[in-house]
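Everything below concerns the one structure shown next.
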Amino acid sequence: MLPVLRCEWYKFRKSMIAPVILAGPLVAFLSGLTARRFPVNAENAEFNEWVLALMTVNFTYALIFLPLVTGILAAMICRYEHQAGGWKQLLALPVTRGRIFFAKYALLVLIVLAVQLLYLAAVYAAGMIKGYTDPFPLPTVCKSAFGGWVASFPLVALQLWMSVMWKSFAAPFAVNVVFTLPAILAVNSERFGPYYPWAQPFSMMYPGNHADDIFFVPWEQLLTVVGGSFVLFFAAGYVYFQRKAV
């Protein structure tokens, strides 16, 4: 498995991924710098400046940029295989299709984790520049960052499936955009928001509600929506890749 991962990383790092990885954290950093400093009142007295800024940043980062970044990365990881008979060359190697699919998915998940860690650093840097004096809520910020990472698992699985299926770089990205934009409305709906996969990164990164629950959402929502959609998307992509004609 490790040689397959190294091979996938070698191809991936030749795909100009640095701008994609840095785009989301840069947006978070700029959003943090421009976030308005809220006056303390009865409504936000329990939050410190860091948490209020985090809530503002996530309206842009977690709701739009994180889901879109997963789609771009998934499209890039299959770009070489879709060129000049790359799938035939790859599948001719003495490696099972299952290992190739697992390696691509694992690499995508690790890169999204790196994006989330950079996001955490971006929030901290923006707060330091703005001179926040409240204690830095490391557990809350870490829960937000890792919550967004876990919420991306089903999205990565779906985007990898779409990227394996379609040769066009734009097609899987367009699908991601089509489903990401309704999340802006879904997060404001108590009926649809908890069940919409593209709304989960925001829900699991937003510290405004369910602060005592894991990743700011109830266990039932985490297991059924995030876990269930991950199993569905990953299994569908895995089965399709096993049967894919090359």
* Asked: When the accessible area of the chain is computed with all protein chains present and a 1.4 Å probe, what percentage of it is carbon and sulfur?
  -> 70
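Can you tell me how the range 154-234 classifies by the Cα gyration tensor, rounded, prolate or oblate, using a/c under 1.5 as the rounded cut?
Numbers: a/c = 2.74, a/b = 1.78, b/c = 1.54.
Because a/c hits 1.5 or more and a/b exceeds b/c, the range 154-234 counts as prolate.
Compute the length gained on full extension between Ala125 and Ala174: take 0.36 nm times their separation in residues and subtract their Cα-Cα distance, giving the result in nm to one decimal.
Numbers: separation 49, 0.36 × 49 = 17.64 nm, distance 3.26 nm.
Full extension of this stretch gives 14.4 nm more.
With all protein chains present and a 1.4 Å probe, how do Cys142, Cys7, Cys78 order by accessible area, largest first? Display every interim value, and only then the final one.
Details: Cys142 35, Cys7 60, Cys78 0 Å².
Largest accessible area first, the residues go Cys7, Cys142, Cys78.
In Å², and per residue, what accessible area does the chain have when probed at 1.4 Å with the other protein chains present?
Solvent-accessible surface per residue comes out at 48 Å².
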* Taking the Cα atoms of the range 70-112, what is the range of coordinates along each of the three principal axes, in descending order and whole Å? -> 29, 21, 10
* Structure fact -> Given the candidates Val27, Tyr61, Ile77, the one whose Cα lies deepest towards the positive end of the charge dipole of the range 1-141, counting +1 at each Lys or Arg C-beta and -1 at each Asp or Glu C-beta, is Ile77
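What is the dipole size for the chain, taken about its Cα centre, with +1 at each Lys and Arg Cβ and -1 at each Asp and Glu Cβ, in debye to the nearest 20?
Values: 17 positive and 10 negative charges, 286 e Å.
So the dipole magnitude of the chain works out to roughly 1380 debye.
As an exercise, use a Förster radius of 30 Å and the Cβ-Cβ distance of Gln89 and Trp219 to find the FRET efficiency, rounded to the nearest 0.05. If you can, show how the numbers build up before the last one.
On the way: r = 45 Å, r/R0 = 1.49.
Approximately 0.10, to the nearest 0.05.
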* Base-10 log of normalised Debye intensity for the range 57-130 (one unit scatterer per alpha-carbon) at q = 0.11, 0.18, 0.25 Å⁻¹ -> -0.42, -0.81, -1.16
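Ranked by accessible surface with a 1.4 Å probe, highest first, in what order do Phe12, Phe59 come?
Values: Phe12 5, Phe59 105 Å².
My answer, sorted largest first, is Phe59, Phe12.
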* Structure fact -> Mean separation of Cα contacts under 8 Å (at least 6 apart) over the residue count of the chain, i.e. the relative contact order in percent, is 27
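In what sequence, largest accessible area first, do Lys11, Lys104 appear using a 1.4 Å probe?
Lys11, Lys104
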* Asked: Where does the chain land at 222 nm, in deg cm²/dmol rounded to the nearest 500, when only DSSP H runs of n ≥ 4 count, each adding -39500 (n - 2.57), divided by all residues?
  -> -20500 deg cm²/dmol
* DSSP loop GluC sites (Glu not before Pro) with at most 15 other Cβ within 10 Å: longest gap in the chain -> 47-189
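The values are calculated or read from the model by the stated rules, or taken from the named source; none is laboratory data. Please read these numbers as outputs of a predicted model, since none were measured by experiment. Cβ sites come from the backbone with ideal geometry, for glycine too, and all protein chains shown count toward neighbours. These accessible areas exclude ligands, DNA and RNA; they are computed on the full protein's heavy atoms, side chains included. Shrake-Rupley method; radii C 1.70, N 1.55, O 1.52, S 1.80 Å.
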